Structure formats: C-alpha cells, structure tokens
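To keep things clear, I will list the structure first and then write my remarks on it.
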Number of protein chains: 6
Amino acid sequence: MHVVYTEIRRADAEVVKGLSRYGVATIHEAQGRTGLLGPTLRPIYPGAHIAGSAVTVSLPPADNWMIHVAVEQCQAGDVLVVAPTSYSDAGYFGELLASSLVARGVRGLIIDAGVRDVHELTDMGFPVWSKTIHAQGTVKETLGSVNVPVVCGAGLVNPGDVVIADDDGVCIVPRLEARAVLTASEAREAKEAATRQRLQNGELGLDIYDMRDKLAKRGLVYRAQSLPE
Amino acid sequence: MHVVYTEIRRADAEVVKGLSRYGVATIHEAQGRTGLLGPTLRPIYPGAHIAGSAVTVSLPPADNWMIHVAVEQCQAGDVLVVAPTSYSDAGYFGELLASSLVARGVRGLIIDAGVRDVHELTDMGFPVWSKTIHAQGTVKETLGSVNVPVVCGAGLVNPGDVVIADDDGVCIVPRLEARAVLTASEAREAKEAATRQRLQNGELGLDIYDMRDKLAKRGLVYRAQSLPE
Amino acid sequence: MHVVYTEIRRADAEVVKGLSRYGVATIHEAQGRTGLLGPTLRPIYPGAHIAGSAVTVSLPPADNWMIHVAVEQCQAGDVLVVAPTSYSDAGYFGELLASSLVARGVRGLIIDAGVRDVHELTDMGFPVWSKTIHAQGTVKETLGSVNVPVVCGAGLVNPGDVVIADDDGVCIVPRLEARAVLTASEAREAKEAATRQRLQNGELGLDIYDMRDKLAKRGLVYRAQSLPE
Amino acid sequence: MHVVYTEIRRADAEVVKGLSRYGVATIHEAQGRTGLLGPTLRPIYPGAHIAGSAVTVSLPPADNWMIHVAVEQCQAGDVLVVAPTSYSDAGYFGELLASSLVARGVRGLIIDAGVRDVHELTDMGFPVWSKTIHAQGTVKETLGSVNVPVVCGAGLVNPGDVVIADDDGVCIVPRLEARAVLTASEAREAKEAATRQRLQNGELGLDIYDMRDKLAKRGLVYRAQSLPE
Amino acid sequence: MHVVYTEIRRADAEVVKGLSRYGVATIHEAQGRTGLLGPTLRPIYPGAHIAGSAVTVSLPPADNWMIHVAVEQCQAGDVLVVAPTSYSDAGYFGELLASSLVARGVRGLIIDAGVRDVHELTDMGFPVWSKTIHAQGTVKETLGSVNVPVVCGAGLVNPGDVVIADDDGVCIVPRLEARAVLTASEAREAKEAATRQRLQNGELGLDIYDMRDKLAKRGLVYRAQSLPE
Amino acid sequence: MHVVYTEIRRADAEVVKGLSRYGVATIHEAQGRTGLLGPTLRPIYPGAHIAGSAVTVSLPPADNWMIHVAVEQCQAGDVLVVAPTSYSDAGYFGELLASSLVARGVRGLIIDAGVRDVHELTDMGFPVWSKTIHAQGTVKETLGSVNVPVVCGAGLVNPGDVVIADDDGVCIVPRLEARAVLTASEAREAKEAATRQRLQNGELGLDIYDMRDKLAKRGLVYRAQSLPE
C-alpha cells in the first residue's frame, strides 16, 4: 500500500541550527562514525552546506510523480530525500520543482538518482546532492510513499532525521540523537582546534596522539636507510 | 572499408541558432524524451552551452589518427563527435587539436573517451564533453571513418544532426526534425514560464497539473499522522 | 614485516623545479607514454599543478595510522603518495593531517582512496588527487610500511620518484630518468609551440605531420558525397 | 557503542519452510515488489535456494572479527547477513568459518563484501551470496554489532527477518509479514501456473491480460509495414 | 509517437543457418571487426549459441509492457532484442514471457537490462544475454515502440538484422550484408583451421604470420639476458 | 625503448610444484597478506588451479602484437601475464594463441583485459583469468615489451615470479621468496587442518582463538534481549 504520512516529528530547530555549524566529517565522527550516506552522492556545485529535517520519498525508477506529492508535505527548514526502489539514473528533478521547494523554504535535495537543469539550479542557489546529472525525463504513472523509512546512498533515512550535507557528502543524524550529537560535535571541534594549532606549529601527530609506543609494540621497524635497490 | 564522406547535409543555420537558446533538458523533452546521450559524458568545465552540426568520427580504441582526418571536414558552426569502436579511456584530444578546430570555427567536441590538457582547453574556452579526463597518449596507426553513423554515449548520432550540449549533458536532434523540435521547444519554454511563476508564488504542482484525482484513483492513502515507531 | 625507511634518494631539486613547468600530458609523452597513474585519481579542486618527490605509504584498507608515521618522513618539496593494500574508499585524510604536512612544506597528496574536509583543503590551497571524496572515518589499528614501492592508481611508484600532478591527473617520473625526461619535455614543448602557431593559422595537421600519403597507403577512401540514406 | 543482542525474534519455522518453496522473484512480487537486495549480490555457485532467519552483523571494512562473535548467536535454520559500515571488497569469509556455521545448522551467508575459498565452499555445498570473490585477508581489530538493523546490498535487513536467496539474488521478508507473504506467494504461484499453461499453448499475454484496449487508449499505433529505410 | 511495425525484412533462412555455425568472434572479424554489442551483455548460462532475426523493442526504464506487445510480432527463428531508453537494471523478463516466446519458436533474448527466473530459464534451455540478473519487478504503464532501430549494449540493432550470440557475447550482422559475412566467415574459418594445425605442431605465429621483419623495422630490441635487478 | 628480455630467472620447479598444492587464499595469507591481484580478474571457467613462472608482457590498449612475441619466450611450466599500458577490454586472446601456448607447455594466461573464444578455451582446458570476456578484435601495430615488470590487476608482477591462480583469483609470489612462502603455506595448512576439525565438532572460534577477553577489553557489550523495537 502506498501511503503519505502527513506528520513527521522534527528535531528542535535550535539543535538543527547548531548542527549546521559543523561539517559532515565532524558530525559523522561525533556520532561514532555512523550515518554517512555513500560517496556516490555528490553536490552539483561546490560550497553548499545545509542542515534540515528529512522529508522522505520512496518512488519507482524513472517516475517522479511522488515528488510532486512530497512538496506539499515540506515546510521551511526541511530537506527532501528521494530514493527510487530500484536503480535509476533518470533526471527526476529540475528547476520547476526547485522553484516550488524554494517557495516553501526547503533547503535542498538529496536524491539517489539523477537531476537536471543544474545550470539553473546553480544560479538559483538551490543545492542538490545526487548520484548523477542526467536530463532524462521521467513519467508520472506509479505510486510510492512519503515519510516512510528509505535507503538512500546505501544508508537508512527516517522522516524527521537531521540531514547535514556539504562538499564532503551527506550525513544523517537520527532525530532522537540530534542534541547529543550536537554536544559531541562541539566537543570534537574544540579539541580539534587545539590540535590544529599544534600541528600548524610543526608538532607531529605521532607525539600529540602519543603513538610511538603503540607502534613499536605492534612491531613497526625503522631502518635508517633507503630501500635496497 | 574505411571512408571519409566529405559532404554532409546540415540543418538550417537559423534553426541551429534557435535551438541554441534552449537547454538540453528542454530540447530532450520537446522531442518526446529522445536523443539524449548517456550521463557518462560530462563537460570539462561548467557553464558551456553550444549547438552545432555533427561531424562524426568512428575510430579505433586508443588511436586518434582519424581526428586529424576529420578536422579537414569541419566548418564553422560544427561540433565534432568522436566514438571509439570499443571502450577506450585514452586521451585522444588536447590543446593542439583544439587550436586547429578553433581555427575552423568548430564549437566544441563530444567524445566517448578521454581528453587531456583540460586546463589549457578551459583557458581557451573550448568546451569538451567526455567520458573521462586522461593524459594517456594515443597512436596513429589504424583507420576509421568520418561522417558515418556512430554510437556515442549509448546514443545514435548521424552526420549533420544538431548537437546541443550544456551542463546537463548532450542531446542529439535529427537534422530533418530540427525545425519541428525548435517549435516544440519554444512552446514548451513558454508554457514552463507560466508554470514557473505560479510555483514561485507558492501554488502546488498537485493543483497546477490537476493530479489529486488521479492519485486518489490509483489508491494513494493519506494518513494524518507520523509513521508509527 | 612492516618497515619505515627513513632515507630516500630524491631527484635534484633543480630538475624537479624544471619538471614543474610542464604539464602531466607533456611529461607523459616525453618519457615515451609511460608513468601515468589511472584516470580514477582526480583533483579535489581545479587549477592545482605540483611537482615533488614521492614519500610512499602502503597501508591497510580504512586504516590511516601509517599516514601519521609518514608525516615525520616528509620534508619540504615532497609529495605524499598513499596506497591501501586492498580497495578502500574511506576518508583517510582531512585538514588536520594537511595542516601537519603544510608545516613541513609538503606540496600535496596523491591517495588511491578517499579524502574529506575538501572545503577546508580547498581554502588552505592544499591539493589532493584522490579516488573519491568521502567523510568515512578510519581506524588506527594495523601497521603498513613507509618508503616502499606501492601500486597507486594502477601505476608503480617508488620512493623518491618525481610526482607531477595537474588537472589532467598524475604522472610519475623515475628518479634516475628525471633529468632526461626534463630535457625531452623541453624539446617537446618547443616543438609543440611551433606547431600550435601553424594550427592557429589554419594549417592542417594532415599537412604539418605529412599524413596524407600514409592514410592513402592504408586504404582510406574519400567520397565527395554525403552518406547514402 | 557496540552491542550483541543475544535474542532475536524469528518467524515461525513452518512459515519459513513454506516460503522456501518459492523463488526470490515470486516472493518479491507477492509482497508488493519490495524487499529485494541489490543485484550486486550474486551466488558463488548456481542452483542454491535457501530460506532462513537473519542473524545480522554490522562490522568495519576489511575486519571480520565480528563474524566470529556472530557465529555463537546463530542456530539451526539461520542465515548470516553481514554488512560493512563502508565499502569493502575484502575476503571476510572462507571455509573455516563455513565449517563453524555448518556445525550450527546455518543455511548460508549473505555478505555485502568479498568471500574466499569458493572452491571449497562449493564442494561443501555452503551457499554464499556476495558482492565479489576476493582472497584478500582481513584483520580482527575493531568492534561492530550483532543483531542490529543493517543496510546490505542497498536494502534494509532487521534481525529475525526471513531471508530467501536463489539464483536471482536475495529477498528479505519482514518477520511480522512472513505469514501474509507466504499466503500471497501461494496465491501468485497458483495463478501463474494457469497463465503458464495458456502461454505454452500459444495464447498471448496481450489477450490473457486484456491489454489491447489500454494500449490503444494510450495511443499505440500499429503500422502494417516495415520501418521505412 | 509510439509505433509497432508489424513487418520486418528478415535475412534468408539459409544464410542465418549458415551463420549459426560460426561463433561471435569469427563473425565479428569476418565483417571487419564491427557489429559487437558491448561486453556488459552476458549469457545467463554457459554453452548457448544462437542465430536469428532481430525483433527490436524500445521501452521505458523499469516498464516491460512493450515486451508483451513484441511477442505477437515474433515468429519462429527470431531473437528478441530489448533496449530501455535510459539505464535500467530491473527484471523485465522471466519464465512466463519465455514460455510465450518458446511457443512461437523464438530462439533467445538479448536485453540491455535485467532478467529474472534464471534457474527456470536455464532448466527450459531458453538463453538470455543480459546486463544483470535482478528479480526487481517492472510496471506496465508507458508505451514504447517495436521494430524500430535500437541502441543495445552500446551497439546499433535494426529490425531484421541477424543476431549471433554465444559465450563470447552478441554480434549483429546487418541484414543486407548477411550473405557476404557468411562467405567471409567460411573463408576465415578455413584459413584458421590450417593455422591452428601449424600452431598445435609448435610453429610460431611470428613465423606463420611473417612478423619478424616488421617487428625489427619498428625497432623491437631483443636482449639475451634477464632484466637487470 | 621496447625490449624483449629473452632470459628470466625462474623459481625452482620443485618449489613451484609445492606451491601448486595450496590455494590462492592460503598462499596470500602465508606471505603476510600480500601479492594478490585485484578481484576484477576472474577465471573463465570454474575449477582451474595452476602454478607457474610468470612471463610478462606490457603492450598497448587493443593491440595484441606483443603476445605473439611473448609466446616464443615461454617454456613448459610458465604462465603468461599480460597487461595493457592503459585500460582496454578488447579481446586480445583466443583459441589460436592458446593452441600455440599449449604446444609450448604453458599452464594458463592472466590478462588485465578481455579474452574471447571462451567456449573453445573451456573445451581445451586452457584456463584464463581476465577482466572481461569480449570478442572485440585487436590490431598488430604498436610495440611493447616482454619480461619487464608490469602492473596487472593493480598488483606488481616481475618476470619469473610464481603465479598461483584458482577460483579465488590470482596471487603472485616473488621468486626469491617462493621457498619461504612454501614453508609458511605448509605450516598454515597444517594448523588450519586442526582448527577445521575443532570447528566441525562445534567448538567456537571465540574459544579456539581465545577472543573473549580481547573483545571485552575493547568494550563489546552483550545484551540478553532482542533489539528494542
């Protein structure tokens, strides 16, 4: 059965805003190296960095009908997450749908398929992370569902999860863990700032992280010579 | 037998010029969702947008000899379309060949293989859509043909077809259909302009395209709740 | 056994500087179409162009411990070359490690795996050629070796080899051949300058390279007509 | 935190046995075209056909430690489902681990990574569906979890779900839906048996499924000629 | 517009039968190294070898409706060739459609997409060359065309062309060239038989093909030593 | 310069024979998890298992001339290892070349490209590990080298190295290490035989390998419940 759930639980707006200050790599680490979608999802232009609440769409290959349905379920601060039920590289999304999402305050699109009109989307400043860029048109014939769990970029996304996306890719933070992950991200960033300064001053990670003993115990051998030829 | 056809029938220059005002996605839709080459062909730099008449080259893997032959067959307003007879990612084309094509007024290159000197080509403003960027040199040992039908990016290209290429990829318009496709593109663009305005004003595609009834008839269910956990 | 060789033989600094004036395509051709790493290695931002001496790292999939070890072996003018022992697209490297390498005067990174923090690396102007961009974190559990021969991007790199990288990809010049390749690159570039001028003036490669006879002998047929329909 | 859940709820053994009579394609259709894992998962030898309850393992790339942990959680009739947290094609599993699973009555392995000893596994008749065959050894250094939800072959698998696998690939039936899917599979198979007979007798699907009207309404045109040349 | 051409011109049955005696590699060579479809098309079981006349189908991604239409256009000795208009790995075809084709005397299927029920198809002895094996179901919503030119496996197939397929892949012989290609195949096979005998007796290709002089002229150097270490 | 080294140093025949008793996975582990070629190299038929001395060929994409040159350098017990200098999936090798190699006592072929006539090669029992199966013909125009180091399947192969290949793939043992690797393989196999017996009897790897403490120290948590829903 194909269902549109018209309600989703979103993370607190302040928490989302807090997470938006950190990059994908930091947040992924802060939540224990989980939540990354796969590296096949790439931004259509460099420099975008967004955070928002996931509105999810499960739909058929090469059929974008359900995106029109999903637009109505979006509100300001959301990020649309679209996943076909089998492989498709078709161009589900272009500048008309983007105009509609912009009118509702949506911050961007994550799609495990193709996108088109990328020149116009770049001019509009509407960021998209997609598997490919492809002008191939889609049909509007077959139903799917909105605000159900989807597998996108080989990762699981639930409606209302926090989506963070930047030049490194896309990371998902489960709604109920968002506040804890924000706290962990702040802590990680603070710690890295200190480390960064020491590294810039020429200290070595070997010393800062106290690795020399562990390396020796594992058996690493140093030879004060070049490789014999 | 390897043949160079020295004549090709080109579409009317005014029609090509007209098509150059529209993007790949619009033209692909206007001709009934046909003509796209595959999404593996990507521009070497963003922002290029060309239209021109195809001069086609069929040549061996990792052998660019026939490109030199094809240059002589090009005239102002043409686009060179190069397809190896089996998979190759070698770098068939660089800035010297580009200099030669620029001198003849050629508008760009579509190649189902690799290209090199992309920094120089970007500086020259000579656009290329290719499968990969690869400096790998090629030989000049084996013949091919010029101005024969080729399969490029999994699509068919005949000599004299109109080639449109932009950030979305490459679309081919058969020569004899070019005028009709131009008319259809103009109509589509006019219609989309009106739709775009309504979407920007916050109207929904569901209403503009009158989709609600059809969705209900297919059985779409709305639940005024969030997904049960 | 896992070994760090703390000495490497580097090419003469003047030779490396000389090679830095030429692009990857030119140097690859000048050394007889050898030395290219595969086209899967792409720069994280356009326009970088470096030359330096290879410090090599062989390490496990999804484990970046040995990069910390390798940093200490780098000196000004080096390029770090990192190759996992089996396929990995994990994000081995980010801005903290880059800060450390910058402090030592390292010119860039070649890695047959993933990289992260690409926005920060771009801002720092620290160039990386990688297989993918991926925030996926790595562990520090298993040893590898430093300054041993590695296969990276399907090409062989020995410690001390000269690495040249630009928008076209990455080329390796064996240390002992570096001076000869520099001479050959200078000669090639001089010859190409003359050819470039002639091509820009509208002369054809067919004539400049005297190809017409050879083509005819191989049996190329010209037909003063278009392809029969 | 890394956790081993030592209990899972399994589907009724009679239901699993019932499902084992149907192929992956039938069951996938019977549950509304859902549940398929991606086509990258292929059997190491033809002809295997299994059904069982999923014991799931989430583990690091190129580290098979958690499989040893998971073995203890398996009982007769289970199928082990293994998913790395990022891409790995390493050889996590071979005949020793298979011997251990056979001793516990496990029916097979689904792994979104590599497997080795395939000759021995074939001789043992222990079926594996994997992304690749690769002898690459793995380490035992980093923890993961057992009996948590995993994304495997781009599909979601929960512990206790029913796994069906045959030459067509792998299909997952959620535990709570297993009985209903069995009923639907029986119905579908019965219906197909009748259709099969009619098709074998030369009747056309166009008539059996009553498609001609719908095709005509959509505008399909028949031309009693061959394509004009 | 979507059209079914109900007539196709087929090659002479005797010529097709003649071609069926030769493998894909021989025929591909005999027609000047043309006509091969790409190596992504693989047989679902080893040992099949067919030749027949192409009935072609162009259809949407993940929609197999037009295959039902095409069945009616097939007659004994035909081979069905199916190409989606954009990338699809869905399972368009299974044993029910195969039963229908067998009833009409069709010899096999070439499909640039997925196939399912491969165990049953193997038992039936109905050969399929496909891009993948995938149980993913398709819809019946959108039209396509039958007996129009299609690009399949990156090669062009016209209705009525002769299709030859074996363990090496698929080769297309244009209908009008079929007789000449048969003659050339016979000649090639005769010549190879003599060469095979000489090679089996230990003569070298270097001598049989008289290559030594040409190699020397190109500059090949023999060194009566092993590579210096 | 293109060179044929007519001498290679081979490992002792008894050592090669000894290694032939072990599979690729065992030998790869016995030499410290090194030497594997990538999993893209697959056997054309199941069940082959060979060991021999590498005769190496470096040659251009889609040009098999140098294989004819290399045949003359082969002797009984050798394995031919062929690597193009850039990507090629063309069909370099078929049954005629195999006949020639069989006449010289060569045990098989490893090729980082395509192979054809696989039905005939299977009938002959001549095993090939290749990247793809493709009938695409090659030319004989450009030189390469024989018995130089090559990168094949992303691994380094030197002439005279021992090649072991089976259903798991291909492993290279450096000539000078062959005897030590044989000893290590024997030891590993002996140890595994004992472990195998214990596992078959139902003992757990957790106990045999004494893993429980290490897991607990790393922080693995057991929960005597199923995952909360």
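The values are calculated or read from the model by the stated rules, or taken from the named source; none is laboratory data. Not measured: the values here are computed from a predicted model. Here the Cβ is made from the backbone with ideal geometry for all residues, glycine too, and neighbour counts use every protein chain on show. SASA here: full protein model, heavy atoms, side chains in, ligands and nucleic acids out. Shrake-Rupley method; radii C 1.70, N 1.55, O 1.52, S 1.80 Å.
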Check your understanding: Short version: which residues of region D:71-113 lose at least 20 Å² of accessible area, all chains versus chain alone, 1.4 Å probe?
Key -> D:GLU72, D:THR85, D:SER86, D:TYR87, D:ASP89, D:GLU95, D:LEU96, D:SER99, D:SER100, D:ALA103, D:ARG104
**Study point:** Average beta-carbon neighbours from other chains, 10 Å sphere, peptide D:202-209
**Key:** 5
Check your understanding: Mind checking Rg over Rh on chain A, alpha carbons, Kirkwood formula for Rh?
Key -> 1.10
Review point. In nm, one decimal, shortest first: how far is the label point of A:GLY105 (7 Å from Cα along Cα to beta carbon) from the matching points in the other copies?
Key: 5.5, 5.5, 5.7, 6.9, 8.2
**Study point:** Helix D:95-104 axis, angle to chain D major axis (alpha carbon atoms, nearest 10°)
**Key:** 80
**Study point:** Probe 1.4 Å, all protein chains present, accessible-area order of A:HIS28, C:HIS119, largest first
**Key:** C:HIS119, A:HIS28
Check your understanding: Tell me, what is the 1.4 Å probe accessible area of E:TYR209, in Å² to the nearest 10?
Key -> 90
Check your understanding: Which value in nm describes the separation of the simple spin-label points at B:GLU203 and A:ASP123, placed 7 Å from the Cα toward the beta carbon?
Key -> 2.2
Revision key, fill the gap. Note on the protein assembly as shown: alpha-carbon gyration tensor, axes a ≥ b ≥ c; rule is a/c under 1.5 for rounded, else prolate if a/b larger than b/c, else oblate; result rounded
Check your understanding: Rounded to the nearest 100 Å², what is the sum over both chains of accessible area buried where A meets C, with a probe of 1.4 Å?
Key -> 3600
Check your understanding: Mean shadow of region A:188-229, computed from the convex hull of its alpha carbons, in nm²?
Key -> 4.6
Review point. Each residue of region F:16-32 in turn: what ³J(HN,Hα) in whole Hz from Karplus with 6.51, -1.76, 1.60 and θ = phi - 60°, glycine and Pro shown as x?
Key: 4, 4, x, 5, 5, 7, 10, x, 4, 5, 4, 5, 4, 5, 5, 9, x
Study note, to complete from the structure: Output row for D:THR195: copy-to-copy label distances, label 7 Å along Cα→C-beta, ascending, in nanometres, one decimal, is 3.4, 5.0, 5.0, 5.8, 6.2
Study note, to complete from the structure: accessible surface per residue for region D:114-186, probe 1.4 Å, DNA/RNA/ligands not counted, whole Å² -> 28
Check your understanding: Can you give the mean number of other chain Cβ atoms that lie within 10 Å of the Cβ atoms in peptide E:33-42?
Key -> 5
Exercise for review: Among the GluC sites (Glu not before Pro) in region E:1-66, which ones are in a DSSP loop with at most 14 other Cβ atoms within 10 Å of the Cβ? Mind listing them?
Suggested key: E:GLU7
Exercise for review: Using a 1.4 Å probe and counting only protein heavy atoms, arrange C:ILE172, F:ILE44 so the residue with the most accessible area comes first.
Suggested key: F:ILE44, C:ILE172
**Study point:** Acute angle (nearest 10 degrees) that the helix A:178-200 long axis makes with the longest principal axis of chain A, alpha-carbon atoms
**Key:** 40
Review point. Roughly how many Å² of E:MET211 are accessible to a 1.4 Å probe, to the nearest 10?
Key: 10
**Study point:** Phi to ³J(HN,Hα) by Karplus 6.51 cos²θ - 1.76 cosθ + 1.60 over region A:82-88, Hz, x for Gly, Pro
**Key:** 10, 9, x, 7, 9, 3, 8
**Study point:** Where labels lie 7 Å past Cα in the beta-carbon direction, separation of F:THR183 and E:ALA216 in nm
**Key:** 4.9
Review point. Taking only the alpha-carbon positions of region F:1-101 and ignoring solvent, what does the Debye formula give for the base-10 log of I(q)/I(0) at q = 0.12, 0.16, 0.23 Å⁻¹?
Key: -0.48, -0.88, -1.49
Point to revise | Cβ-vector label at 7 Å, F:GLN225, separations to other copies in nm | key: 2.4, 6.1, 7.5, 7.5, 8.5
Review point. Taking a threshold of 25 Å on the Cα-Cα distance, which of the pairs B:LYS131/C:LYS131; D:LYS217/E:LYS131; A:LYS191/C:LYS131; D:LYS131/F:LYS191 fall above it?
Key: D:LYS217/E:LYS131; A:LYS191/C:LYS131; D:LYS131/F:LYS191
Check your understanding: Of B:ARG104, B:ARG21, B:ARG218, which has the largest mean-square fluctuation in a 10 Å C-alpha GNM of chain B?
Key -> B:ARG218
Review point. When all alpha-carbon pairs of region A:78-179 are counted, what percent fall beyond 17 Å?
Key: 53
Check your understanding: Accessible area of A:ILE67, 1.4 Å probe, to the nearest 10 Å²?
Key -> 0
Practice item. Tally up the carbon and sulfur contribution to the accessible surface of region B:126-181 as a whole percent, 1.4 Å probe, everything protein left in place. Key: 55
Study note, to complete from the structure: Expected output for region E:53-68, residues with a loss of 20 Å² or more in accessible area relative to the chain alone at probe 1.4 Å, reads E:PRO61, E:ALA62, E:TRP65, E:HIS68
Review point. At 222 nm, what helix-only mean residue ellipticity would the protein assembly as shown give, in deg cm²/dmol to the nearest 500, using -39500 (n - 2.57) for each DSSP H run of four or more?
Key: -8500 deg cm²/dmol
